[in-house]
1. Looking at the range 154-179 only, could you name the residues that are part of a loop (DSSP other than H, G, I, E, B) and touching a helix residue (DSSP H, G or I) at 6+ places or on another chain (Cβ under 8 Å)?
2. Can you tell me which residue among Phe121, Phe112, Phe133 is at pLDDT 95 or above and in contact with a Pro (Cβ under 8 Å, 6 or more places away or on another chain)?
3. Can you list residue pairs whose Cβ atoms sit under 8 Å apart, with the first residue in the range 232-247 being over 19 Å from Gly322 (Cα atoms) and the second being surrounded by fewer than 17 Cβ atoms within 10 Å (Cβ to Cβ) and among the small types (Gly, Ala, Ser)? Count only pairs 6 or more apart in sequence or on different chains.
4. Here are some residues: Ala191, Ala213. Which one is part of a helix (DSSP H, G or I) and crowded, with 21+ Cβ neighbours inside 10 Å?
5. Can you confirm whether Gly320 is at pLDDT below 95 and either in a loop (DSSP other than H, G, I, E, B) or touching a Leu at 6+ places or on another chain (Cβ under 8 Å) (or both)?
6. If I go through the range 12-58 residue by residue, how many of them are within 16 Å of Thr284 (Cβ to Cβ) and either in contact with a Cys (Cβ under 7 Å, 6 or more places away or on another chain) or assigned to a helix (DSSP H, G or I) (or both)?
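The values are calculated or read from the model by the stated rules, or taken from the named source; none is laboratory data. Here the structure is a predicted model, which is why all the values come from computation and not from measurement. All Cβ positions, glycine included, derive from the backbone under ideal geometry; neighbour counts span all protein chains shown.
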Amino acid sequence: MTGITVSMAHQEIERRLMRSPRALAEALARVYGHDFAQPNYIGAVAIVSRLRLGERDDVTQLLSPYLDGTKDSFAKPSQSSLASHLLFFEYARRAKDDGAKALVLRAAASGFTENGELREFMPLHGGWSDSLFMDIPILAMAGALTGERRYFDMAARHHAFMQRIVRRPDGLYRHQMSAEAAWGRGNAFPALGLALTLSEFPKDHPEFPALVASYRTHMAALARFQDENGMWRNVIDRPGAYPEYSATAMIATAMLRGIRNGWIDRATYEPLIQKAWTAILARTSADGGLVDVCESTGTRGFTDQDYLRRTAILGRDDRGGGMAMFFATELAGL
């Protein structure tokens, strides 16, 4: 009796699962993070990951038009262009570049009036939970670069404002203040955004405990909804929704930051991160192909049914690829 032949599909999955975090990040870096002609968070996350991998010369070339003033990094103010400045923050910190620092501060200035007073909220938020990633971390990063408390004060103020309009009683986030749907990436944005914010926030700031408490509440809520394969779904609390790639990478990254900084319990959350990592590995091909990244939602309805109908992308996707790189470089300690 001959042995059972292992299928090619099984062999491929086994090959994928053997990759280290750095190996996956390097493979994805050959595909993603090579375009920053229009500053946005998607390109920024991927290029930050390339910077972590030591590809500073290439990154410098991508950023040089903004650093020398040829192009304006905030010419078209939006949440995404504001969030793109996390790349300039990373570059300023690593390269000690004053030009990059100035760009971060200019973007963060949108949180203040012409007289330098704190605004009631960040003006570009639009009622989206995305704002907890798009707006708040840049303020904390500006504070980290300058030591000025007003940036942290504004980050805390906007966080409290967003809690009032988009956090649900069950600890999850509605994606839009006018609806209730707990979209996957609409929860991944607050998860990762608050993790990035806390990473730069001074522990002696009076609002630090409230930020940590908010982060912990959200992590506990999300932990209840990871599926048996290590994924979070496109609508977090709907069992029939498809498992979604980008939200899984983002939420797991947020949990990893929390463990390493002591904000959440390692014994509880590390198994969730490892399951998520295995799921990402299995769903990422050597040429950057991904499985089930939700398309950009736009404004085509905000009910559960509207989100359930969002296209699940199979193949290359800049958003998913960038977030997987970010997760991989975090795991690799880069």
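1. Quick first cut of the range 154-179, residues part of a loop (DSSP other than H, G, I, E, B) only: 168-172, 174-175, 177-179.
Scanning the range 154-179 gives Asp170, Gly171, Leu172, Arg174, His175, Met177.
2. On the way: Phe121 fails: in contact with a Pro (Cβ under 8 Å, 6 or more places away or on another chain); Phe112 fails: in contact with a Pro (Cβ under 8 Å, 6 or more places away or on another chain).
Just a single option satisfies the conditions, and that option is Phe133.
3. Tyr242/Ala312
4. Values: Ala213 fails: crowded, with 21+ Cβ neighbours inside 10 Å.
The conditions single out Ala191.
5. Numbers: at pLDDT below 95: no; either in a loop (DSSP other than H, G, I, E, B) or touching a Leu at 6+ places or on another chain (Cβ under 8 Å) (or both): yes.
Considered against the rule, which asks whether it is at pLDDT below 95 and either in a loop (DSSP other than H, G, I, E, B) or touching a Leu at 6+ places or on another chain (Cβ under 8 Å) (or both), Gly320 comes out as no.
6. 18
For (1) out of contact with any Phe, Trp or Tyr (no Cβ under 9 Å at 6 or more places or on another chain); (2) polar (S, T, N, Q), each residue gets a yes or a no:
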| site | (1), (2) |
| --- | --- |
| Pro243 | no, no |
| Pro271 | yes, no |
| Ala282 | yes, no |
| Asp306 | yes, no |
| Arg309 | yes, no |
| Arg316 | no, no |
| Thr329 | yes, yes |
| Gly333 | yes, no |
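Condition check ((1) surrounded by 11 or more Cβ atoms within 10 Å (Cβ to Cβ); (2) of a type outside the set (A, V, I, L, M, F, W, C); (3) at pLDDT 95 or above) across all residues:
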site	(1), (2), (3)
Ile13	yes, no, no
Phe36	yes, no, yes
Arg50	yes, yes, yes
Asp72	yes, yes, yes
Ala83	yes, no, yes
Leu103	yes, no, yes
